[in-house]
1. Kindly indicate the residue of the stretch 123-138 that is touching a residue at least 40 places away in the same chain (Cβ under 8 Å) and over 16 Å from residue 97 (Cα atoms) and also surrounded by the most Cβ atoms within 10 Å (Cβ to Cβ) among those meeting that condition.
2. Residues to consider are 333, 327, 353; find the one that is crowded, with 24+ Cβ neighbours inside 10 Å and modelled with pLDDT under 95.
3. Determine whether residue 289 is touching a helix residue (DSSP H, G or I) at 6+ places or on another chain (Cβ under 6 Å) and either surrounded by fewer than 24 Cβ atoms within 10 Å (Cβ to Cβ) or outside any helix (DSSP H, G or I) (or both).
4. Within 22 Å of residue 22 (Cα to Cα) and away from the ligand (no atom under 16 Å from the Cβ): is that true of residue 44 in this structure?
5. For the stretch 221-235, enumerate the residues that are in contact with a helix residue (DSSP H, G or I) (Cβ under 8 Å, 6 or more places away or on another chain) and farther than 16 Å from residue 85 by Cα.
6. So how many residues does the stretch 172-198 have that are free of Cβ contacts under 8 Å to residues at least 40 places away in the same chain and touching a strand residue (DSSP E or B) at 6+ places or on another chain (Cβ under 8 Å)?
7. Test each condition in (1) in a helix (DSSP H, G or I); (2) touching a residue at least 12 places away in the same chain (Cβ under 8 Å); (3) under 27 Å from residue 70 (Cα atoms) for residue 113 and report the one that comes out false.
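The values are calculated or read from the model by the stated rules, or taken from the named source; none is laboratory data. It should be emphasised that the depicted structure is a prediction, and the values quoted were computed from it without experimental measurement. Cβ coordinates were reconstructed from backbone atoms using ideal geometry, including for glycine residues, and neighbour counts include every protein chain displayed.
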Ligand SMILES: *Cc1c(COP(=O)(O)O)cnc(C)c1O
């Protein structure tokens with residue numbers, strides 16, 4: 001393994017480096033201001049005030065109307081679970097849930113469990129070849145039997161953005177709640193919750209240069225919320241357990257930094273991403289940028305390479321000091337192709353070759369230069385030894401008609 005400092009880190013959608021300014025702001029809350037926010041003396045009051053400030057910072061980033069619309073949680077997974085479970089509990093006669101086929105495992109596995117164990121009917125709405133939700137199918141699934149629709153703001157594997165404000169309005173027409181997993185969008189896209197009808201939104205600290213193990217769930221004022229963790233009266237009785245004060249402080253600073261850097265970073269990171277993607281497509285045959293014609297996050301590029309496996313690519317990239325991933329943590333170690341690329345009907349010879357490059361404010365032009373030296377070489381090397389080599393690909397994959405050339409550049 002390379003020393004961390006030498007790594008070209010292109011896996012920001014998996015996690016980001018905690019910003020040094022965030023770390024610095026957190027430190028006193030471990031050792032100096034370690035009080036419990038619920039304690040009535042000064043040390044506790046100091047911690048409570050820090051939590052209050054952090055809540056206001058997250059509120060500002062989201063354009064929420066009130067600070068107490070935010071509940072601090074342990075991260076994106078908990079926020080997603082809390083939103084969906086609360087909605088079902090609050091409307092016991094509504095036994096259906098709408099999601100997209102490309103949700104994060106935090107939503108998908110919960111819904112599979114609800115279907116199997118609680119008799120909940122789940123509608124996974126398909127996406128088109130660019131990863132955009134099928135709005136007609138969404139409308140058709142929507143009824144007064146639906147407790148909640150949960151559609152991600154931006155996809156973690158492809159960066160494709162869904163029209164969540166419009167989707168929320170359609171849910172409100174039948175009295176269903178609308179939740180969005182915005183873990184990948186927060187800090188990268190401008191968000192103004194007050195101008196939407198979104199009822200609940202999940203975010204996670206470590207995806208926006210904050211610490212791991214802390215996040216938040218936005219719950220619009222007036223929405224009935226059913227706590228999933230029972231205990232003390234923290235978070236106004238909505239999420240029991242002593243607050244993760246250092247984590248919450250860190251999340252607040254990360255939110256403030258994201259708000260002030262977003263416009264500039266959008267342009268700079270988008271430029272880096274576009275150059276990386278354009279040059280890989282120019283230098284490597286038989287690959288496609290997945291979802292590139294849809295509205296996308298500025299930092300994400302998912303490239304599907306035909307005839308080779310993403311695991312092999314990622315292993316060789318790692319040996320060359322480049323960190324990238326398949327995009328779905330749950331698929332690592334298994335030989336299942338990504339559920340996102342499958343849902344987008346990526347060509348059969350490329351669906352196992354998806355590599356996600358995801359950038360952040362930490363990346364530089366030099367990182368992209370290095371990736372552009374390594375990626376084409378790695379792909380060429382693997383294809384040279386691949387049993388499904390490019391030259392004999394149509395026979396090797398047993399396709400009945402059509403050439404490899406014709407099917408990969410979609
Ligand atoms: C990372 C991620 C999550 C999970 O967040 P954690 O804080 O790691 O639990 C959920 N949804 C999306 C889209 C993500 O990218």
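1. At the first step, the residues of the stretch 123-138 found to be touching a residue at least 40 places away in the same chain (Cβ under 8 Å) are 126-132, 138.
Still in the list and also over 16 Å from residue 97 (Cα atoms): 127-132.
On the way: 127: 24, 128: 15, 129: 15, 130: 16, 131: 29, 132: 19.
Only one residue fits best here, namely 131.
2. Details: 333 fails: crowded, with 24+ Cβ neighbours inside 10 Å; 353 fails: modelled with pLDDT under 95.
So the residue among 333, 327, 353 that is crowded, with 24+ Cβ neighbours inside 10 Å and modelled with pLDDT under 95 is 327.
3. On the way: touching a helix residue (DSSP H, G or I) at 6+ places or on another chain (Cβ under 6 Å): yes; either surrounded by fewer than 24 Cβ atoms within 10 Å (Cβ to Cβ) or outside any helix (DSSP H, G or I) (or both): yes.
Here the answer is yes, as residue 289 does meet what is asked.
4. Values: within 22 Å of residue 22 (Cα to Cα): yes; away from the ligand (no atom under 16 Å from the Cβ): yes.
Judged against the criteria, residue 44 is a match.
5. Within the stretch 221-235, just 221 meets the criteria.
6. Kept after step one, since they are free of Cβ contacts under 8 Å to residues at least 40 places away in the same chain, are these residues of the stretch 172-198: 172-175, 178, 180, 182, 196-198.
Within this subset, residues satisfying the condition of being touching a strand residue (DSSP E or B) at 6+ places or on another chain (Cβ under 8 Å) are 172, 174, 178, 180, 182, 197-198.
Counting residues in the stretch 172-198 that are free of Cβ contacts under 8 Å to residues at least 40 places away in the same chain and touching a strand residue (DSSP E or B) at 6+ places or on another chain (Cβ under 8 Å) gives 7.
7. Failed condition: (2).
So that you can scan it fast, the table gives a plain yes or no per residue for (1) touching a residue at least 12 places away in the same chain (Cβ under 8 Å); (2) in contact with a helix residue (DSSP H, G or I) (Cβ under 7 Å, 6 or more places away or on another chain); (3) assigned by TED's automatic domain parsing to the domain that holds residue 298:
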| site | (1), (2), (3) |
| --- | --- |
| 219 | yes, yes, no |
| 237 | no, no, no |
| 243 | yes, yes, no |
| 248 | yes, yes, no |
| 252 | yes, yes, no |
| 276 | yes, yes, yes |
